[in-house]
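Take a look at the structure below.
The values are calculated or read from the model by the stated rules, or taken from the named source; none is laboratory data. Just so it is clear, the model here is predicted, and its values are computed rather than measured. Using ideal geometry, Cβ is built from the backbone for each residue, glycine included, and neighbour counts are taken over all protein chains shown. Only protein heavy atoms, including side chains, enter the accessible area calculation; ligands, DNA and RNA are left aside. Shrake-Rupley method; radii C 1.70, N 1.55, O 1.52, S 1.80 Å.
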Amino acid sequence: MLDVLACPRDRQPLRQEADDLVCDLGHRYAVIEGIPILLVSDAEQTHIEGTRALLVAQTKDLSSLRQIDVGPNEIDPFVMNVIGATNGSLYQHLVGKLTEYPIPRLRLPSGGNKLFLEVGCNWGRWCLAAATAGYRPVGVDPSLKAIRAANRVARQLGVEATYVVGDSRFLPFRDEIFDQVFSYSVLQHLSKANARDSLVQIRRVLQAGGSALIQMPNVFGMRCLYHQIRRRFREPRDFEVRYWRPKELLSTFTNLIGPSEITADGYFSLNVQPSDLRFLLTRYKMLVYTSEGLRKLSQYVPPLVKAADSLYVSASRIG
Ligand SMILES: [Zn+2]
């Protein structure tokens with residue numbers, strides 16, 4: 001794991017010293033239950049769970065960490081509880097009732113053992129998807145609880161994945177090591193300034209020739225417009241969704257990463273996966289069929305892309 005990690009403050013290599021990871025300039029990071037906590041403590045955290053993880057790292061007091069044992073055919077209780085939050089409102093009825101892990105299908109070519117980074121991985125559903133597609137997944141998230149769950153689920157499913165606690169604005173990885181970076185439903189929760197800082201970091205950790213695939217919400221999507229009307233177009237705060245214009249996405253990603261293009265991910269919702277149809281209530285299935293139909297049509301009718309609620313921005317680092 002140390003081969004990919006770097007100090008999030010200065011990108012120096014890290015070495016193990018007692019229970020901590022230390023960089024040459026003396027920055028020290030706790031490792032809790034084998035999980036490196038690579039957050040920058042002097043920065044304001046973007047998520048309350050980052051603050052909580054730092055508290056555990058600083059005090060090394062593990063009493064707030066519940067020990068969870070999951071049987072071979074059980075669903076991890078953490079995933080059971082957060083499924084409505086990580087996968088969106090159409091999954092709300094599954095809270096406490098999941099019978100299998102909804103592992104999405106990655107819209108990327110097969111991995112060929114390439115190194116894959118998921119930014120904001122939570123319990124790791126896209127890392128699991130990446131492993132299935134033949135990538136070597138690494139996940140980063142500011143929540144220690146989520147990363148502990150990601151480790152449990154990977155172990156339970158026999159998947160090899162590396163998970164660390166970290167912040168997308170200060171990615172704790174070496175320069176130019178990832179072939180593919182992926183992020184879904186994450187950067188939309190950051191202020192646009194923080195999202196831009198994260199894109200600069202994503203470019204830094206990408207190899208030349210590598211690419212990023214990032215899902216973002218479209219300000220002009222029908223469902224997105226409805227949500228903006230509901231909050232009366234006021235400035236979003238905290239963890240609320242920031243909506244982006246397609247043109248703004250293109251220019252931002254092109255400037256900060258490299259040549260970019262936008263494709264439709266879905267309509268009428270921000271987070272539903274066609275691979276999860278069997279989990280969905282009948283009344284939502286029709287929505288997913290329509291969304292998939294429009295998405296496929298958008299490949300031939302480009303103006304339709306601009307009406308999708310959920311967009312994928314694909315950006316390549318060329319040099
Ligand atoms: Zn350092």
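Checking each residue in region 45-76 for being outside any loop (DSSP other than H, G, I, E, B), without any contact (Cβ under 8 Å) to a residue 24 or more places away in the chain and open to solvent by less than 60 Å² (accessible area, probe 1.4 Å) picks out only Leu54.
Does Asn255 satisfy the condition of being polar (S, T, N, Q), surrounded by fewer than 17 Cβ atoms within 10 Å (Cβ to Cβ) and closer than 17 Å to Leu187 by Cβ? Full working, then the answer.
On the way: polar (S, T, N, Q): yes; surrounded by fewer than 17 Cβ atoms within 10 Å (Cβ to Cβ): yes; closer than 17 Å to Leu187 by Cβ: yes.
So Asn255 fits the description; yes.
Once region 82-103 is narrowed to residues that are under 18 Å from the mean Cα position of the chain (by Cα) and part of a helix (DSSP H, G or I), the residue that is farthest from Val272 (Cα to Cα) is Val82.
Among the residues of region 168-186, count how many are more than 19 Å from Gln273 (Cβ to Cβ) and open to solvent by 10 Å² or more (accessible area, probe 1.4 Å).
Filtering region 168-186 down to residues more than 19 Å from Gln273 (Cβ to Cβ) leaves 168-179, 181.
Cutting the leftovers down to open to solvent by 10 Å² or more (accessible area, probe 1.4 Å) gives us 168-170, 174-177, 179.
The number of residues fulfilling the criteria is 8.
A residue that is touching a His at 6+ places or on another chain (Cβ under 7 Å) and closer than 21 Å to Ala30 by Cβ can be found somewhere in region 126-148. Does Tyr267 satisfy the condition of being hydroxyl-bearing (Ser, Thr, Tyr), open to solvent by 40 Å² or more (accessible area, probe 1.4 Å) and in contact with a helix residue (DSSP H, G or I) (Cβ under 7 Å, 6 or more places away or on another chain)? No. The set of residues in region 200-211 being buried (at least 24 other Cβ atoms within 10 Å of the Cβ) and closer than 18 Å to Arg242 by Cβ consists of Ile202 alone. Counting only helices (runs of 4 or more DSSP H) that fall entirely inside region 202-305 and contain at least 2 residues that are over 26 Å from Arg105 (Cβ atoms) and touching a His at 6+ places or on another chain (Cβ under 6 Å), no element qualifies.
When the residues of region 31-44 are filtered to those that are loosely packed, with under 12 Cβ neighbours inside 10 Å and within 21 Å of Ser198 (Cβ to Cβ), which remaining residue is nearest to the ligand (Cβ to nearest atom)?
Result: Asp42.
Are any of the residues in region 279-296 open to solvent by 70 Å² or more (accessible area, probe 1.4 Å) and farther than 30 Å from Gly96 by Cα? Yes, there is a match, as at least one residue in region 279-296 is open to solvent by 70 Å² or more (accessible area, probe 1.4 Å) and farther than 30 Å from Gly96 by Cα. Taking region 1-30 as the range and being near the ligand (Cβ under 9 Å from one of its atoms), free of Cβ contacts under 8 Å to residues at least 12 places away in the same chain and crowded, with 16+ Cβ neighbours inside 10 Å as the test, only Val22 passes.
Filtering region 184-201 to residues that are closer than 22 Å to Arg9 by Cβ and not in a helix (DSSP H, G or I) leaves Val186, Leu190, Ser191. Here Ala130 meets each of (1) open to solvent by less than 10 Å² (accessible area, probe 1.4 Å); (2) in contact (Cβ under 8 Å) with a residue 60 or more places away in the chain with one exception, condition (2).
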